[in-house]
Structure formats: C-alpha cells, structure tokens
Amino acid sequence: MGNLFDKFDRLDTSLNRWLVANSIAILRVSLGLIFLAFGAMKFFPGLSPIEDLATQTTTALTFGLVPPAVGLVMIAVMECVIGLLFVTGRFLRVGVWLLGAQMLGAMSPLMLFPGELFTGPLYTPTLAAQYIVKDIVLVAAALVIAATWTGARIVAEPRSMRSTLPVKVAPRVYGATRSENRSASERVRRSEDYRNYAGARDRGDPPGE
C-alpha cells in the first residue's frame, strides 16, 4: 500500500511541476476564449442571453446618448479585442486594463437595477444576476495574469503529499524588498563604474577624464 502511495505521490509531484510551467498560459488563453465567444455572440441580435440587460445598462451609463444597438456593438468589439489580446498574449497590459473597464460596466447592473436582479424569495439573485456575479471569477483570473507583467512567476517547490496533507499550505510570494532593490542598483552602478575605469586604463586615459 505504501509503495502505491509513493507512486501516486510522484505522479502528483510531476503534475504539480507541469501546472507550474503551464497553468498561467492556460488561464490566459481560456479567459481570452471566453471573451471572444461572449463578444461574438453580441454581434448577432437575439443570440446573447444578456442582450437586453447589456443594452439597458449601456443606455443608463451613457445617459441615453448611445443608441442600444450601437452600444451592444461597442461591447461586442471591446470583448473581442480583449479576447484576442489574451489569446495571443500580445499587448497584455492593454488587455487587462480594457478588461477592468469592461468589468466595471458589466457589473454595474448590480447597482443600477437591483430591483430587477434580486427578485426571488429573500432577495435571491435571478439567472441574469448570477451571470453577472460570476464575473468576479474572471476578474480574479485577470489579476493573476496581470501579476506576470513585471516578471512574477510561480515557483515549483515540490513537497510530498504526505507532508502537506495535515497542514495549510499558503502560497509564497517572491519579490525583492526596497533595501534589496537598492543593493542591486548599487551593485550595478559599481559594476558600471569599474568597467568605465578599466576601459580608461586600457586606453591609457588620465584618471578622471
């Protein structure tokens, strides 16, 4: 029995390494495909189940200045652009900012039309409200992807399953402190100064020139 558990433990560790290497990319592409699909649906009248609420929200947010049909096309274009940026991984920072703006609009009906979205017993949410609330997961996924902007990464630290079962394993965040950043900058500056000095010495330049 112990040998079988050890084999499963090795399989679990191998799977963990694979997830570390690929999970962010899978999350990014999946999120992009979701936005592409939802955006494409809005180009065809009557196909999106949230079409009426989307046009109603656009009208409210623009104070009626944007016609409902035009507003729906704008949303469709924006969601498709977000989807393409996430799927390709190009201009990802732009994609995340667009997603943040789009999510503000997409979740605004919870504040604009609460009487229409929470009509069940004890103010339980309607299907449309549940459709909107699930966007919290999309925002959380985008935040994870956004963390990769400046080089954040998941680091594999394999531990046996037996050792982690009884404890709560919290994710570790690796990053330099301010003092470490200053030390690194000082090392870079000193290295550059030494290279300049060595170059001047090799050329026979007088000191200080």
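Under the simplified labelling scheme, the residue 157-residue 97 pair shows an inter-label distance of 3.4 nm, with each label point 7 Å from Cα along Cα→Cβ. Using R0 = 45 Å, the C-beta based FRET efficiency linking residue 6 and residue 63 works out to 0.10.
As a length-normalised measure over Cα pairs under 8 Å and 6 or more apart, the relative contact order of segment 2-157 settles at 26 percent. Note on segment 2-157: dipole from Cβ charges, positive end direction compared against 44, 125, 33; the farthest Cα belongs to 33.
Label point of residue 136 set 7 angstrom out along Cα-Cβ; within segment 74-109, amide nitrogens under 18 Å from it belong to 100, 103-109. Spin-label model, residue 128/residue 21: points 7 Å from Cα along the beta carbon direction are separated by 4.7 nm.
Ranked by the mean number of other Cβ atoms within 10 Å of their residues, highest first, the peptides 125-131, 36-42 come out as 36-42, 125-131.
Values quoted throughout were computed directly from the atomic coordinates according to the rules given, and no laboratory measurement underlies them. Note that this is a predicted model, so its numbers are computed, not measured. Every residue, glycine as well, gets a Cβ built from its backbone with ideal geometry; the counts of neighbours run over all protein chains shown.
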